[in-house]
Amino acid sequence: MPPKATQAAPQNAFLTLWKAYNDNTSDRLKFIDVFLFFLMLSGIVQFAYCILVSNFPYNAFLSGFGSTVGQFVLAASLRSQVNPDNKDEFKDVSPERAFADFALGSIVLHFFVYNFLG
Amino acid sequence: MFSLLPVLLLAVSAQASKLTLQSPRFVVSDSTGSQLRSEPVSLVHKSSTPVELSKTDILKLTFQVIEKESGKGVQPHQTFIRFYDEKSNEEGIQPVRVSAGGKAKFDLNMNKPPLSLPPTPTGNPLKVTLLIGSPLHDPISIELFDLILPRSQAAPEHPGEASYRPLPPIEHTFRPDHKLPPRPISLVSAVLTLAPWVVLLSLWSQVAPRPARLFSPSILPFILSLGAFEGLLFWYWVDLKLGQVLLYGAILTIPTVFAGKTALASIGSRRLGKK
């Protein structure tokens, strides 16, 4: 019995976590989470290419990787500010204000990324 | 009357300006005093065989400086013997004392060589020249003979000489050009880089909340102006200059701000109203 339990324990924990996440997260937050996951994947792929294959247009790598990282930070802060469970943390920031900040930050980030893209 | 005077002086000086040597002779004797070589010096061509001196020999040179026309002895202002090594370009000047009557004697004792001798490390023959200068006469320069001296130490090298030699030529090397990775790898990498978009769109199709009032008149202008900003930035990437994009962006900010205020206010009131 014990070996089976210890083998299944980490799997069980992961499945429980996944189930809890799926059930308790609203669709809006999942929407942002998918975006965050996409940004992470994109950043990892670009970084792996830079290390494994070539860093030839170095400025292009920097702007691409920087765009994923910057956008991740903005989206993560939007998610934490929009989450109703965090309402007590962000008393003077309404979700609309958070979205406006997110939009402004994204536009500025995109401007710098396009500048460097070349 | 006065104008004749310089012409007369010129005539006088033109007449008496040539110098010559009378009975120039050199003698080489060894340390015991016996003569090894003794010959007159020709004023027209130098001696054919070089004079060779060993470490104990003595060279004696005697002559008298006279004016060519009158034969009178002259004490010139400058009388030098020049020792010159053609190959190493070293030279030494030795002044010679001339008496009032023009008689001169020069001794070169190899036991006590004068300081003015140039170094002879390789035993090259030195060209010996007699130089006589005087303001009242034309100067004369007479090649006497070639002189071979015993080997000496080389001239000391100047401590700073090494820094004045020509440096090696500068060869610029440039970083080699970047190589593009081979095509299949580039294609695979491009597909991998765009793959997350597929993941994003597929997951979003499952999770997306239905945007209820996306196209209502209070929210649509904000969406459109945000899209316009993105389009402006893309246009900047392909075509625009910095000043233009900043100007257009500043212009576009004004409707965006107003549209944003109305859109977000309506969403906020909806949220609070529902609550």
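The values are calculated or read from the model by the stated rules, or taken from the named source; none is laboratory data. This structure is a prediction, so every number in the text was calculated from the model and none was measured. Heads up, the Cβs are rebuilt from the backbone with ideal geometry, glycines too, and the neighbour counts pull from every protein chain shown. Just so you know, the surface numbers come from the protein's heavy atoms only, side chains and all, with ligands and any DNA or RNA stripped out. Shrake-Rupley method; radii C 1.70, N 1.55, O 1.52, S 1.80 Å.
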Expected output for the stretch B:185-200 (first residue at the interface with another protein chain (Cβ under 8 Å from one of its Cβ atoms), partner in a helix (DSSP H, G or I) and of a type in the set (Ser, Thr, Tyr), Cβ below 6 Å, 6+ apart or cross-chain) is B:189/A:49; B:196/A:42
When residue A:111 is run through (1) within 13 Å of chain B (Cβ to nearest Cβ); (2) modelled with pLDDT of 95 or more, the failure sits at (2)
Per the filter on the stretch B:237-264, residues open to solvent by less than 90 Å² (accessible area, probe 1.4 Å), free of Cβ contacts under 8 Å to residues at least 24 places away in the same chain and at the interface with chain A (Cβ under 9 Å from one of its Cβ atoms) are B:242, B:245, B:249
Among (1) surrounded by 10 or more Cβ atoms within 10 Å (Cβ to Cβ); (2) assigned to a loop (DSSP other than H, G, I, E, B), residue B:168 falls short only on (1)
Yes or no: residue B:138 of a type in the set (Asp, Glu) and in a strand (DSSP E or B)? no
| query | Can you find a residue in the stretch B:230-247 that is more than 60 Å from the chain's Cα centre (by Cα) and either assigned to a helix (DSSP H, G or I) or farther than 24 Å from residue A:82 by Cβ (or both)? | reply | no
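Among the residues of the stretch B:80-94, which ones are assigned to a strand (DSSP E or B) and not β-branched (Val, Ile, Thr)?
To start, the set of residues in the stretch B:80-94 that are assigned to a strand (DSSP E or B) comprises B:80-85, B:90-94.
Scanning the stretch B:80-94 gives B:80, B:82, B:83, B:84, B:85, B:90, B:91, B:92, B:94.
In this structure, does residue B:129 turn out to be in a strand (DSSP E or B) and under 43 Å from the mean Cα position of the chain (by Cα)? Reasoning before the result, please.
Values: in a strand (DSSP E or B): yes; under 43 Å from the mean Cα position of the chain (by Cα): yes.
Yes; evaluated as a whole, the condition is true for this residue.
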Heads up, the helices (runs of 4 or more DSSP H) in the stretch A:1-117 (entirely inside) with at least 1 residues that are crowded, with 16+ Cβ neighbours inside 10 Å and basic (Lys, Arg) are A:27-52, A:58-82
Exactly one of B:47, B:42, B:54, B:31 is part of a loop (DSSP other than H, G, I, E, B), free of Cβ contacts under 8 Å to residues at least 12 places away in the same chain, open to solvent by 10 Å² or more (accessible area, probe 1.4 Å) and not aliphatic (A, V, I, L, M), and that residue is B:42
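Let's see how each residue does on (1) away from every other protein chain (no Cβ under 12 Å); (2) over 21 Å from the mean Cα position of the chain (by Cα); (3) among the aliphatic types (A, V, I, L, M):
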{"position": "A:27", "(1), (2), (3)": "no, no, no"}
{"position": "A:62", "(1), (2), (3)": "yes, no, yes"}
{"position": "A:84", "(1), (2), (3)": "no, no, no"}
{"position": "A:98", "(1), (2), (3)": "no, no, yes"}
Cβ pairs under 8 Å, 6+ apart or interchain, first in the stretch A:38-54 and facing chain B (nearest Cβ under 7 Å), second part of a loop (DSSP other than H, G, I, E, B), ordered by first then second residue, are A:53/B:181; A:54/B:178; A:54/B:179; A:54/B:180; A:54/B:181
